[in-house]
1. Name the one entry in Gly104, Gly148, Gly171 that is surrounded by 24 or more Cβ atoms within 10 Å (Cβ to Cβ) and touching a residue at least 12 places away in the same chain (Cβ under 8 Å).
2. Across region 218-232, what is the number of residues that are closer than 15 Å to Phe315 by Cβ and either over 17 Å from the mean Cα position of the chain (by Cα) or open to solvent by 40 Å² or more (accessible area, probe 1.4 Å) (or both)?
3. Can you spot a residue in region 34-45 that is without any contact (Cβ under 8 Å) to a residue 40 or more places away in the chain, in a helix (DSSP H, G or I) and either in contact with a helix residue (DSSP H, G or I) (Cβ under 8 Å, 6 or more places away or on another chain) or among the β-branched types (Val, Ile, Thr) (or both)?
4. Which one of the conditions (1) surrounded by 20 or more Cβ atoms within 10 Å (Cβ to Cβ); (2) within 16 Å of the chain's Cα centre (by Cα) does Ile81 fail to meet, given that it meets all the rest?
5. Answer with yes or no whether Ala193 is open to solvent by 30 Å² or more (accessible area, probe 1.4 Å), more than 29 Å from Pro355 (Cα to Cα), at pLDDT below 75 and among the small types (Gly, Ala, Ser).
6. Of all residues in region 17-75, count the ones that are modelled with pLDDT under 75 and on the phi > 0 side of the Ramachandran plot.
7. Six or more apart or on different chains, Cβ atoms under 8 Å: show the pairs whose first residue is in region 115-136 and at positive phi and assigned to a helix (DSSP H, G or I) and whose second is open to solvent by less than 10 Å² (accessible area, probe 1.4 Å) and at pLDDT below 80.
Amino acid sequence: MTTSPVRPVWTAVLCWLTVLLEGYDLVALGATIPTLLKSGYLGFTAAGATLVATVSLIGVAVGAACLGPLTDRFGRRGMLIGSVLLFSVFTLLTPLAPNVATFGIFRFLAGLGLGACMPVALTVMSENLPARRRASASTFTMTGYHVGAVLTSILALYAKEDWHLLFYGGGIAGLVAVPLMWWKLPESAAYLAAREDADRVSVRDLLGARFRRVSIAVWTGSFMGLLLVYGLNTWLPQLMRTAGYPISTSITLLLVLNIGAVLGLVLAGTIADRFGIRPIARIWFGAGAVLLAALSLRIGNAFLLNTVVLLTGVFVFSAQVLIYGYVAQVFPARLRGTALGLTSAVGRLGSILGPFVTGALVTAGVAYPWGFYFFAVVAALGLGAVLALRESRPAEEPVAVA
């Protein structure tokens, strides 16, 4: 039978909290690395810290690719709860690692859980609302990512040298969420209906005649989108510093960029629900390319500079999330978890490449203006991927079960 309105509300809250954990984790590791290097904890070096950060992202990519498809076989509810549990346990264990290698292994295993969290949460959230609202379902859920990043930043300011508190906090929060999810999170009605459908699909169908074009397009868009998100979040302060802006201004601009990201997520989802995901994604990637190219120019007026950076956050950070909304809309329920998982996994490759390429430009001393040229081209390639998408007609599905 169908649930009361309370159950969909709980589903939305729990999916949002799940994505918040990933945003929290991203900043937790970044905020910890300077202290690890300064103290020489476990013999950490710059190379060791880089390896741990990379291994963590690889774990996230593997988790998204491998655990996402399991949701189409075993259900959304169990996989989401299991993913949060996996992340929480190994996040708690991370400060107890006896050496750098074990530290990296714990981060990889935690990454497996985190990698599954976001695509599964997006799948559950999209199936909890009518198909016509899947754009805002994705963008609303992803605001949790940036809220989690802000919360970790605040905690890091208080923790200072006690970096262990960041991991303990994330692990405990996840463990507290698990029993609540077990109690309040229902299985997806769309999944249950698709499970009984005789016309089943498989992973191979993603590259079959029916879905090949859309699969390649959304994978490309996700790759370019996450390359921009991680590349800018990692290197924007240094890029602006290289451009001659004061260091205080450079750090403030990173905050402005992420404020724009939250505003953009809310705005993009609302507009896309009304006018369609595909045309709005095109506008968002196109505007992102123009704004990133504009940042290659030295802007002397502080108000204008902040406005351009804010708008860059509005368009760039939510463009990639619209891809998730399109995937949730166009793929059938039986394949939706697999499609979102692989789209996220390919995007994670971009999240690894973005900081690497930008870092190489910084090392070579050509980060400004070439870093912004690079980002503008990436956004243009994302636009090209979205242009290849066909218009889709969302199918209504059951949204909740008891």
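1. Gly148 is the lone residue from the list that is surrounded by 24 or more Cβ atoms within 10 Å (Cβ to Cβ) and touching a residue at least 12 places away in the same chain (Cβ under 8 Å).
2. 0
3. Yes, there is a match, as at least one residue in region 34-45 is without any contact (Cβ under 8 Å) to a residue 40 or more places away in the chain, in a helix (DSSP H, G or I) and either in contact with a helix residue (DSSP H, G or I) (Cβ under 8 Å, 6 or more places away or on another chain) or among the β-branched types (Val, Ile, Thr) (or both).
4. Among (1) surrounded by 20 or more Cβ atoms within 10 Å (Cβ to Cβ); (2) within 16 Å of the chain's Cα centre (by Cα), Ile81 violates only (2).
5. Details: open to solvent by 30 Å² or more (accessible area, probe 1.4 Å): yes; more than 29 Å from Pro355 (Cα to Cα): yes; at pLDDT below 75: yes; among the small types (Gly, Ala, Ser): yes.
Considered against the rule, which asks whether it is open to solvent by 30 Å² or more (accessible area, probe 1.4 Å), more than 29 Å from Pro355 (Cα to Cα), at pLDDT below 75 and among the small types (Gly, Ala, Ser), Ala193 comes out as yes.
6. Going through region 17-75 one residue at a time, the tally reaches 1.
7. Between residues of region 115-136 that are at positive phi and assigned to a helix (DSSP H, G or I) and residues that are open to solvent by less than 10 Å² (accessible area, probe 1.4 Å) and at pLDDT below 80, there is no close pair.
To keep it simple, each residue is scored yes or no on (1) outside any helix (DSSP H, G or I); (2) open to solvent by 50 Å² or more (accessible area, probe 1.4 Å).
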residue: Leu236; (1), (2): no, no
residue: Leu239; (1), (2): no, no
residue: Gly244; (1), (2): yes, no
residue: Ser250; (1), (2): no, no
residue: Leu255; (1), (2): no, yes
residue: Asn258; (1), (2): no, no
residue: Thr270; (1), (2): no, yes
residue: Leu305; (1), (2): no, no
residue: Leu310; (1), (2): no, yes
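The values are calculated or read from the model by the stated rules, or taken from the named source; none is laboratory data. All values reported here derive from a predicted model rather than from experimental measurement. Because the Cβ atoms are built from the backbone with ideal geometry, glycine has one as well, and the counts that use them run over all protein chains shown. Keep in mind that these areas ignore ligands, DNA and RNA; they rest on the heavy atoms of the full protein, side chains included. Shrake-Rupley method; radii C 1.70, N 1.55, O 1.52, S 1.80 Å.
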